Number of protein chains: 2
Amino acid sequence: MWDVAEKLKALLVFAEHRYYGDSLPFGEDSFKDAKHLNFLTSEQALADFAELIRHLKRTVPGADGQPVIAIGGSYGGVLAAWFRMKYPHLVVGALAASAPIWQFEELTPCGVFMKIVTEDFRKSGTKCSESILRSWGAINRLSNTGSGLPWLTRTFHLCTSLNSEDIQRLKDWISETWVNLAMVNYPYPANFLKPLPSWPVKVVCQYLTNPYMSDSLLVQNIYQALNVYYNYSGESRCNNISETTIGTLGSRVWGYQTCTEIILPFCTNGIDDMFEPRAWDLEKYSDDCYKQWGVRPRPSWITTVYGGKEIHSHSNIIFSNGDLDPWSGGGVTEDLSDTLVAVNIPEGAHHLDLRSSTDTDPPSLQLARSVEVRHMKQWISDFYGNYRKQP
Amino acid sequence: MWDVAEKLKALLVFAEHRYYGDSLPFGEDSFKDAKHLNFLTSEQALADFAELIRHLKRTVPGADGQPVIAIGGSYGGVLAAWFRMKYPHLVVGALAASAPIWQFEELTPCGVFMKIVTEDFRKSGTKCSESILRSWGAINRLSNTGSGLPWLTRTFHLCTSLNSEDIQRLKDWISETWVNLAMVNYPYPANFLKPLPSWPVKVVCQYLTNPYMSDSLLVQNIYQALNVYYNYSGESRCNNISETTIGTLGSRVWGYQTCTEIILPFCTNGIDDMFEPRAWDLEKYSDDCYKQWGVRPRPSWITTVYGGKEIHSHSNIIFSNGDLDPWSGGGVTEDLSDTLVAVNIPEGAHHLDLRSSTDTDPPSLQLARSVEVRHMKQWISDFYGNYRKQP
């Protein structure tokens, strides 16, 4: 956006989603209970954006009568796409970067996401994904020995001592780390979820070349690999298995959203992927939501309101995806019409195209960005064409 | 719908809008206060219809994979159009009959509605609209005399005695009657708001041919004219100025809707219309809403969410209107695109085309219905065309 705005004579506006950051409708009480969280829905967020656009057009000199483009990545990309679908009178088009609009209900098989994560690790080093696949058994066996739990606590440099009920959380924390690494597997040093070197999965995989060593050596290598993610800066003193990303991404409220509207079915089988097998269990998922928030998910609402795969009657949306990004599995990676277009970036991770351009950008990324800008220019010129025609 | 359903092999479904009829989310408490009425919005009503369609497709044998068409008249027509705009994946098109989607904010001049009412009366009898225009002064003058109030009470056969604060309500009741008569000015005897003869405005105007008689004679004629509406069946014993239509149209909840989302600006000037001059006064309107419901209107929300006049990116909506219908002023009476089409019925009143066909239907009405069915058939065949093409 920063690179292109001046060329397109654009005003950049970053809208904060309600219940995130400082946008708290009830201040400190906003997260208190389901009653206070009740106004946290994607529809309400889109309505905020609609009000904001009309407000800016009324109040910013020169803004009235100008075309608007919605841009977002990840959930923000999903919102950008949905906004164009629901408010086509307010935006001439949307760039939905790494937007998994089809990661709902049964639109995408639940195993695809972790399969892509696995594929990234498989391609990034010999025996890398096999090492991770075997590590779960190693952790399980070690956690069953008397000295195993303190040894695992020491080996992983954990801030608090593990007890046997923590083992699943430990493994979830490790799994989520591999997922995050796949998402931020950028071709240059970056600091999106964590400060990381270029192609961090490759760096991680340098520690994971031999799956067939002893359990303790394998787990020590897993720690070295995790350390790339958790301590690239060298400043971490211990690891907290409740945290996988820096604290500011609002993961708490996101939890509420994933318990109401945003139900993303995931599963693993340990065959097509490098994780312990786990089925998608909506009932358990729902019970967990009820315990935590007092609400139960409505897994088919999102497809009811936003159309699932039946979105061909809409127009002017670019769906960009990186092949390395696990979220691309639930994304739109083929053109749906002349104006609902897919832009695929073979070397791309999670919304790489929205990052500032660098000297090391692969040609596929440069091409993707130029295609995106070409579409935007087309939307703008169509807008002025239609505008002039009107009485 | 009944006439065409069999030919189109259609299932007819009548969905009841929440908070109307038996669809009360909190039973008897539903109208208690703004907190209980909080779930009464057009968006929620559309969401109900979306859930209903998906439910029927899942549960009615043979319904899955079939095209659906939204049909409605008046507010129901507005909802039909909005539903196609917001849920194009669930309905292949919409017939929006007499749907005043542009009777909001400043999309239509506030005086147009009453001007059309006036035009109907002007065309239906010599000096008819002039008689009505002069009647307001006659009522005002009579209400200022000592014997005027009981005389007016007797003359209008009112159920309860008028006092001087009731005069505005009396005039509002009379105005609303003229409006209703214009809406149901059908070419054959009908029973929509009230049982009425064919071309009821013409029948009314037979009593209103001389504006220049004495105040008392003029008012007596006004009573005779009103009586066509209130006592065509001959069963009415007295008139209640709080009621203009039969009791079942849910006018109470509609009042709440017009105090929150559905803000329809109306005004009169006594020059272009036959009514006493009254400006559109949002502030007073808002205060009245606050007094009655504890809420204040958001007059620009409807255009923000449904697009106002910027709806050209949608498709497959028929906007039908009768030239005699005051609501046609806020309707779409010109084609917006190849698939957003206007059907105008010169002899039509309020959603005449949705009524069963009769032997006395004017040719323009027959033509309108055949055009509507032709569009529906096109939507259906397009649906199956697209459907087969999909992988």
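Here chain B is treated with +1 on each Lys and Arg Cβ and -1 on each Asp and Glu Cβ, and its dipole about the Cα centre works out to around 440 debye.
With a cap of 11 neighbouring Cβ atoms within 10 Å, and only residues DSSP puts in a loop, list the trypsin sites (Lys or Arg not before Pro) found in the range A:146-251. Those that pass, being in a loop and sparsely packed, are A:ARG237. Annotation for B:LEU336, label-to-label distances across the other copies: 2.0 nm (shortest first, one decimal, point 7 Å from Cα along Cα→Cβ).
Counting, for every residue in A:8-17, the Cβ atoms of other protein chains within 10 Å of its Cβ and taking the mean gives 0.
Were the residues from A:GLU106 through A:ARG298 laid out at 0.36 nm apart, the gain over their Cα-Cα distance would be 67.8 nm.
Look at the alpha carbon pairs under 8 Å that are at least 6 residues apart: their mean separation over the length of the range B:111-231 gives a relative contact order of 34 percent. The fewest-to-most ranking of B:ASP22, A:ASP64 by surrounding Cβ atoms within 10 Å reads B:ASP22, A:ASP64. Highest mean first, the peptides B:357-364, B:48-55, B:331-338 sorted by other C-beta atoms within 10 Å per residue fall in the order B:48-55, B:331-338, B:357-364. Distances between copies of B:THR155, taken at a point 7 Å out from Cα along the Cα→Cβ vector and listed shortest first: 10.1 nm.
Using all pairs of distinct alpha-carbon atoms, the Kirkwood hydrodynamic radius of the range B:253-391 works out to 18.3 angstrom.
Mind listing which GluC sites (Glu not before Pro) in the range B:156-248 are in a DSSP loop and have 10 or fewer other Cβ atoms within 10 Å?
Passing both the DSSP loop test and the Cβ count: B:GLU235.
Distance from the Cα centroid of the range A:195-239 to that of the range A:98-174 is 13 Å (rounded to whole angstrom).
Each peptide among B:77-86, B:140-149 gets the average number of other Cβ atoms lying within 10 Å of its residues, and from highest to lowest they stand as B:77-86, B:140-149.
Cross-linked pairs B:LYS123/B:LYS194; B:LYS35/B:LYS86; A:LYS57/B:LYS309; B:LYS127/B:LYS202; A:LYS115/A:LYS171; A:LYS35/B:LYS35: Cα-Cα separations exceed 19 Å for B:LYS123/B:LYS194; B:LYS35/B:LYS86.
The charge dipole of the range B:276-391, taken about its Cα centre with unit charges on the Cβ atoms of Lys, Arg (+1), Asp and Glu (-1) only, comes to about 600 debye. Taking the fewest neighbouring Cβ atoms within 10 Å as the starting point, the ordered list for A:SER233, B:SER300 is A:SER233, B:SER300. Among chain A residues, the beta-carbon with the smallest distance to the axis carrying A onto B is reported, with distance in whole Å, as A:LYS86, 3. Taking 0.36 nm per residue of separation and subtracting the Cα-Cα distance, full extension of the segment from B:ASP287 to B:HIS55 would add 79.4 nm. Placing a label point 7 Å from the Cα of B:SER214 along the Cα-to-Cβ direction, the residues of the range B:120-156 whose backbone N falls under 18 Å from that point are B:135-156.
Counting only other chains, what is the mean number of Cβ atoms within 10 angstrom of the Cβ of each residue in peptide A:300-309? Display every interim value, and only then the final one.
On the way: counts 3, 4, 0, 2, 9, 9, 2, 6, 1, 2.
Mean partner-chain Cβ count within 10 Å for A:300-309: 4.
Here the sum of -39500 (n - 2.57) over DSSP H runs of 4 or more residues, divided by the residues of chain A, equals -13000 deg cm²/dmol at 222 nm, to the nearest 500. Across the identical copies, the 7 Å label point of A:GLY294, projected outward along Cα→Cβ, sits 2.0 nm from its counterparts, in ascending order. Using a simple spin-label model with pseudo-atoms 7 Å out from Cα toward Cβ, A:ASP29 and A:ASN191 lie 3.8 nm apart. Qualifying GluC sites (Glu not before Pro) in the range A:6-39, where qualification requires a DSSP coil assignment and no more than 10 other C-beta atoms within 10 Å, comprise A:GLU6.
With Cα atoms as the point set, the protein assembly as shown shows a radius of gyration and Dmax of 32.6, 112 Å. Taking the fewest neighbouring Cβ atoms within 10 Å as the starting point, the ordered list for A:CYS267, B:CYS128, A:CYS159 is A:CYS159, A:CYS267, B:CYS128.
Among rounded, prolate and oblate, which fits the range A:149-281 when a ≥ b ≥ c are the square roots of the eigenvalues of its C-alpha gyration tensor, a/c under 1.5 means rounded, and a/b larger than b/c means prolate? It comes out rounded by the Cα gyration axes.
Bear in mind these aren't lab numbers, they're just calculated from the coordinates by the rules spelled out. Please read these numbers as outputs of a predicted model, since none were measured by experiment. As a convention, Cβ positions derive from the backbone with ideal geometry for all residues, glycine included, and neighbour counts pool all protein chains shown.
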